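Engineer: This is the structure I want to talk about, given as C-alpha coordinates.
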Amino acid sequence: MKRVLLSMTTFAALAAAAPAAFGADMPIRRPAPEMVVKAPPPIFNWSGFYVGAHAGYGWGNSQFEAPAAGTGSFAADGFLAGALAGWNYQIGQTVFGIEADINWSDMNGSAACGAFTCETDVPWFGTVRGRLGYAADRFMPYVTGGLAYGKVEANVPTIGGTSETRLGWTAGVGAEWAFAPNMSWKTEYLYVDLGSFNCGGCGAPTPNVDFTSHIVRTGLNVRF
(Lines give C-alpha, C1' and ligand atoms only; values in the text may rest on other atoms or scores of the structure.)
Protein backbone atom coordinates (compact mmCIF):
# COMPACT_ATOMS: atom_id res chain seq x y z
CA MET A 1 0.00 0.00 0.00
CA LYS A 2 2.84 2.34 0.88
CA ARG A 3 4.38 1.65 -2.51
CA VAL A 4 1.16 2.53 -4.28
CA LEU A 5 0.83 5.81 -2.39
CA LEU A 6 4.48 6.67 -3.08
CA SER A 7 4.06 5.97 -6.76
CA MET A 8 0.92 8.13 -6.95
CA THR A 9 2.64 11.01 -5.12
CA THR A 10 5.66 10.84 -7.44
CA PHE A 11 3.41 10.84 -10.53
CA ALA A 12 1.46 13.89 -9.30
CA ALA A 13 4.66 15.84 -8.67
CA LEU A 14 5.99 15.03 -12.13
CA ALA A 15 2.66 16.03 -13.71
CA ALA A 16 2.71 19.38 -11.92
CA ALA A 17 6.29 20.12 -12.95
CA ALA A 18 5.82 19.16 -16.62
CA PRO A 19 3.92 22.34 -17.78
CA ALA A 20 6.48 24.60 -16.11
CA ALA A 21 9.34 22.78 -17.80
CA PHE A 22 7.54 22.82 -21.12
CA GLY A 23 6.75 26.52 -20.75
CA ALA A 24 10.38 27.34 -20.06
CA ASP A 25 11.29 26.06 -23.51
CA MET A 26 8.63 28.19 -25.31
CA PRO A 27 9.67 31.55 -26.82
CA ILE A 28 8.44 34.62 -24.94
CA ARG A 29 5.82 36.61 -26.83
CA ARG A 30 6.43 40.33 -26.78
CA PRO A 31 3.85 42.91 -27.90
CA ALA A 32 4.30 44.05 -31.48
CA PRO A 33 5.97 47.46 -31.76
CA GLU A 34 3.58 50.27 -32.53
CA MET A 35 3.69 51.41 -36.15
CA VAL A 36 4.71 55.07 -36.46
CA VAL A 37 2.86 56.80 -39.29
CA LYS A 38 4.41 60.08 -40.37
CA ALA A 39 1.92 62.81 -41.18
CA PRO A 40 2.18 64.21 -44.72
CA PRO A 41 3.74 67.66 -45.01
CA PRO A 42 1.14 70.45 -44.75
CA ILE A 43 -0.28 71.84 -48.00
CA PHE A 44 0.91 75.40 -48.58
CA ASN A 45 -1.75 78.03 -47.88
CA TRP A 46 -1.75 81.31 -49.82
CA SER A 47 -4.03 83.22 -47.46
CA GLY A 48 -2.74 86.44 -45.95
CA PHE A 49 -1.30 89.87 -46.58
CA TYR A 50 1.82 90.47 -48.67
CA VAL A 51 4.01 93.23 -50.12
CA GLY A 52 6.48 93.08 -52.98
CA ALA A 53 8.61 94.75 -55.62
CA HIS A 54 8.94 94.10 -59.33
CA ALA A 55 10.58 95.25 -62.56
CA GLY A 56 9.77 94.73 -66.20
CA TYR A 57 9.21 96.14 -69.64
CA GLY A 58 6.28 97.69 -71.46
CA TRP A 59 5.60 98.16 -75.14
CA GLY A 60 2.52 99.59 -76.73
CA ASN A 61 1.02 102.22 -78.95
CA SER A 62 0.01 105.87 -78.82
CA GLN A 63 -2.02 107.72 -81.40
CA PHE A 64 -2.70 111.39 -82.12
CA GLU A 65 -6.00 111.71 -83.97
CA ALA A 66 -6.29 115.06 -85.71
CA PRO A 67 -7.39 114.56 -89.31
CA ALA A 68 -6.76 118.13 -90.43
CA ALA A 69 -3.15 117.96 -89.24
CA GLY A 70 -2.50 114.31 -90.06
CA THR A 71 -2.64 111.26 -87.79
CA GLY A 72 0.37 109.98 -85.92
CA SER A 73 0.37 106.41 -84.58
CA PHE A 74 3.62 105.13 -83.09
CA ALA A 75 5.22 102.71 -80.66
CA ALA A 76 5.81 103.75 -77.07
CA ASP A 77 7.96 101.48 -74.93
CA GLY A 78 10.38 101.41 -72.01
CA PHE A 79 11.37 99.88 -68.70
CA LEU A 80 9.42 100.02 -65.46
CA ALA A 81 9.82 99.21 -61.76
CA GLY A 82 7.41 99.36 -58.88
CA ALA A 83 6.01 98.20 -55.55
CA LEU A 84 2.80 96.43 -54.62
CA ALA A 85 0.62 95.25 -51.75
CA GLY A 86 -2.06 92.57 -51.76
CA TRP A 87 -4.20 90.13 -49.83
CA ASN A 88 -5.22 86.51 -50.60
CA TYR A 89 -7.88 84.20 -49.19
CA GLN A 90 -7.78 80.49 -50.05
CA ILE A 91 -10.79 78.16 -50.08
CA GLY A 92 -9.81 74.63 -51.06
CA GLN A 93 -7.56 75.13 -54.05
CA THR A 94 -9.20 78.39 -55.14
CA VAL A 95 -7.43 81.61 -54.18
CA PHE A 96 -9.28 84.94 -54.18
CA GLY A 97 -7.21 88.11 -53.92
CA ILE A 98 -6.87 91.82 -54.46
CA GLU A 99 -3.67 93.64 -55.38
CA ALA A 100 -2.60 97.27 -55.91
CA ASP A 101 0.65 98.52 -57.41
CA ILE A 102 2.42 101.73 -58.39
CA ASN A 103 5.13 101.90 -61.08
CA TRP A 104 7.80 104.28 -62.28
CA SER A 105 8.02 104.10 -66.07
CA ASP A 106 10.07 105.48 -68.93
CA MET A 107 7.66 104.28 -71.62
CA ASN A 108 7.66 106.88 -74.38
CA GLY A 109 7.63 107.27 -78.15
CA SER A 110 7.37 109.79 -80.96
CA ALA A 111 6.68 109.98 -84.68
CA ALA A 112 5.96 112.48 -87.41
CA CYS A 113 2.31 113.45 -87.62
CA GLY A 114 1.68 115.74 -90.54
CA ALA A 115 4.22 118.55 -90.59
CA PHE A 116 4.95 118.12 -86.87
CA THR A 117 6.29 115.55 -84.41
CA CYS A 118 3.96 113.93 -81.88
CA GLU A 119 5.36 112.65 -78.58
CA THR A 120 3.83 110.59 -75.75
CA ASP A 121 5.39 109.82 -72.38
CA VAL A 122 4.06 107.80 -69.43
CA PRO A 123 6.19 108.63 -66.35
CA TRP A 124 4.15 106.54 -63.92
CA PHE A 125 1.10 104.26 -63.76
CA GLY A 126 -0.59 101.85 -61.39
CA THR A 127 -3.33 99.24 -61.13
CA VAL A 128 -5.90 97.97 -58.62
CA ARG A 129 -6.91 94.43 -59.57
CA GLY A 130 -8.76 91.37 -58.43
CA ARG A 131 -7.00 88.01 -58.72
CA LEU A 132 -8.38 84.49 -59.09
CA GLY A 133 -5.85 81.69 -58.71
CA TYR A 134 -5.60 77.90 -58.55
CA ALA A 135 -3.33 76.63 -55.78
CA ALA A 136 -1.31 73.56 -56.74
CA ASP A 137 0.48 73.52 -53.38
CA ARG A 138 3.31 76.07 -53.77
CA PHE A 139 2.54 76.94 -57.40
CA MET A 140 -0.36 79.20 -58.31
CA PRO A 141 -1.37 80.32 -61.82
CA TYR A 142 -3.95 83.10 -61.85
CA VAL A 143 -5.98 85.54 -63.93
CA THR A 144 -6.31 89.19 -62.95
CA GLY A 145 -8.11 92.35 -63.99
CA GLY A 146 -9.38 95.71 -62.80
CA LEU A 147 -8.63 99.42 -62.79
CA ALA A 148 -5.57 101.08 -64.36
CA TYR A 149 -4.48 104.66 -63.83
CA GLY A 150 -1.48 106.74 -64.84
CA LYS A 151 -0.09 110.00 -66.10
CA VAL A 152 0.02 110.44 -69.86
CA GLU A 153 1.94 113.38 -71.31
CA ALA A 154 1.28 114.41 -74.94
CA ASN A 155 3.43 116.98 -76.65
CA VAL A 156 4.03 118.58 -80.03
CA PRO A 157 7.46 120.28 -79.85
CA THR A 158 7.49 124.02 -80.72
CA ILE A 159 3.70 124.12 -80.23
CA GLY A 160 2.84 122.75 -76.78
CA GLY A 161 1.39 119.83 -74.92
CA THR A 162 -1.02 118.54 -72.28
CA SER A 163 -0.69 115.97 -69.51
CA GLU A 164 -3.51 114.13 -67.73
CA THR A 165 -3.87 111.51 -65.05
CA ARG A 166 -5.98 108.93 -66.82
CA LEU A 167 -8.26 106.13 -65.63
CA GLY A 168 -8.59 102.96 -67.69
CA TRP A 169 -8.62 99.20 -67.33
CA THR A 170 -6.23 96.27 -67.26
CA ALA A 171 -6.38 92.47 -67.56
CA GLY A 172 -3.80 89.72 -67.62
CA VAL A 173 -2.44 86.40 -66.40
CA GLY A 174 0.42 85.33 -64.18
CA ALA A 175 1.97 82.63 -62.03
CA GLU A 176 3.47 82.66 -58.55
CA TRP A 177 5.82 80.15 -56.90
CA ALA A 178 6.35 80.04 -53.12
CA PHE A 179 9.98 78.99 -52.74
CA ALA A 180 9.96 79.65 -48.97
CA PRO A 181 7.25 79.72 -46.25
CA ASN A 182 6.83 83.49 -46.52
CA MET A 183 8.41 84.39 -49.88
CA SER A 184 7.27 83.89 -53.47
CA TRP A 185 8.41 84.78 -56.98
CA LYS A 186 5.86 86.15 -59.46
CA THR A 187 5.82 86.70 -63.21
CA GLU A 188 2.85 88.25 -65.00
CA TYR A 189 1.55 89.84 -68.18
CA LEU A 190 -0.89 92.77 -68.21
CA TYR A 191 -2.65 94.65 -70.97
CA VAL A 192 -3.16 98.29 -69.94
CA ASP A 193 -5.52 100.73 -71.66
CA LEU A 194 -5.49 104.32 -70.37
CA GLY A 195 -8.07 105.55 -72.86
CA SER A 196 -7.86 108.86 -74.72
CA PHE A 197 -8.00 112.56 -73.94
CA ASN A 198 -8.01 115.83 -75.81
CA CYS A 199 -4.61 117.54 -76.04
CA GLY A 200 -5.74 121.14 -75.92
CA GLY A 201 -2.17 122.42 -75.79
CA CYS A 202 -1.02 120.53 -78.88
CA GLY A 203 -2.25 123.12 -81.35
CA ALA A 204 -5.30 123.37 -83.58
CA PRO A 205 -7.11 121.30 -84.51
CA THR A 206 -6.66 119.73 -81.07
CA PRO A 207 -5.89 115.99 -81.34
CA ASN A 208 -7.24 113.17 -79.22
CA VAL A 209 -4.39 111.15 -77.73
CA ASP A 210 -4.63 107.53 -76.58
CA PHE A 211 -2.23 105.07 -75.00
CA THR A 212 -2.28 101.27 -74.67
CA SER A 213 0.51 98.98 -73.54
CA HIS A 214 1.57 95.37 -72.96
CA ILE A 215 3.39 94.89 -69.65
CA VAL A 216 5.62 91.97 -68.65
CA ARG A 217 7.13 92.07 -65.18
CA THR A 218 8.60 89.80 -62.53
CA GLY A 219 9.28 90.30 -58.85
CA LEU A 220 9.49 89.12 -55.27
CA ASN A 221 6.63 89.03 -52.72
CA VAL A 222 6.94 88.71 -48.94
CA ARG A 223 3.98 87.28 -47.03
CA PHE A 224 2.95 88.07 -43.45
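Engineer: Please name all residue pairs, on different chains or six or more residues apart, with Cβ atoms under 6 Å, provided the first residue is in segment 75-102 and is of a type in the set (Ser, Thr, Tyr) and the second residue is outside any strand (DSSP E or B).
Structural biologist: Partner pairs satisfying both residue conditions: Tyr89/Ser47.
Engineer: Another question, then. Counting just the residues of segment 141-157 that are under 23 Å from Leu80 (Cα atoms) and touching a Gly at 6+ places or on another chain (Cβ under 6 Å), which one comes out surrounded by the fewest Cβ atoms within 10 Å (Cβ to Cβ)?
Structural biologist: Filtering segment 141-157 for residues that are under 23 Å from Leu80 (Cα atoms) and touching a Gly at 6+ places or on another chain (Cβ under 6 Å), the one surrounded by the fewest Cβ atoms within 10 Å (Cβ to Cβ) comes out as Gly146.
Engineer: Which of the residues that make up segment 158-168 are surrounded by 16 or more Cβ atoms within 10 Å (Cβ to Cβ) and either out of contact with any Lys or Arg (no Cβ under 8 Å at 6 or more places or on another chain) or farther than 21 Å from Ser196 by Cα (or both)?
Structural biologist: Within segment 158-168, Gly161, Thr162, Gly168 meet the criteria.
Engineer: Quick one: would you say Val192 is crowded, with 20+ Cβ neighbours inside 10 Å and in a strand (DSSP E or B)? Please lay out each step first, then the result.
Structural biologist: Working: crowded, with 20+ Cβ neighbours inside 10 Å: yes; in a strand (DSSP E or B): yes.
Yes; evaluated as a whole, the condition is true for this residue.
Engineer: Might you let me know whether segment 184-206 holds any residue that is over 27 Å from the mean Cα position of the chain (by Cα) and β-branched (Val, Ile, Thr)? Lay out the reasoning, then the answer.
Structural biologist: As a first pass, look at segment 184-206 and keep what is over 27 Å from the mean Cα position of the chain (by Cα): 196-206.
Then keep just the ones that are β-branched (Val, Ile, Thr); that gives 206.
The answer is yes, given that some residue of segment 184-206 is over 27 Å from the mean Cα position of the chain (by Cα) and β-branched (Val, Ile, Thr).
Engineer: Six or more apart or on different chains, Cβ atoms under 9 Å: show the pairs whose first residue is in segment 190-201 and without any contact (Cβ under 8 Å) to a residue 60 or more places away in the chain and whose second is surrounded by fewer than 21 Cβ atoms within 10 Å (Cβ to Cβ) and in a loop (DSSP other than H, G, I, E, B).
Structural biologist: Partner pairs satisfying both residue conditions: Asn198/Thr206; Gly200/Thr206; Gly201/Ile159.
Engineer: Restricting to segment 141-194, and then to whatever is out of contact with any Ser or Thr (no Cβ under 6 Å at 6 or more places or on another chain) and of a type in the set (Lys, Arg), can you tell me which residue is modelled with the lowest pLDDT?
Structural biologist: Among those that are out of contact with any Ser or Thr (no Cβ under 6 Å at 6 or more places or on another chain) and of a type in the set (Lys, Arg), it is Arg166.
Engineer: Just name the residue that is surrounded by the most Cβ atoms within 10 Å (Cβ to Cβ) out of those in segment 127-140 that are among the small types (Gly, Ala, Ser) and either assigned to a strand (DSSP E or B) or modelled with pLDDT under 95 (or both).
Structural biologist: Keep residues of segment 127-140 that are among the small types (Gly, Ala, Ser), which gives 130, 133, 135-136.
Checking which are either assigned to a strand (DSSP E or B) or modelled with pLDDT under 95 (or both) leaves us with 130, 133, 136.
Details: Gly130: 14, Gly133: 22, Ala136: 11.
By that ranking, first place goes to Gly133.
The values are calculated or read from the model by the stated rules, or taken from the named source; none is laboratory data. Quick caveat, the model's predicted, so the values are computed rather than measured. Methodologically, a virtual Cβ is constructed for each residue, glycine included, from the backbone with ideal geometry; neighbour enumeration extends over all protein chains shown.
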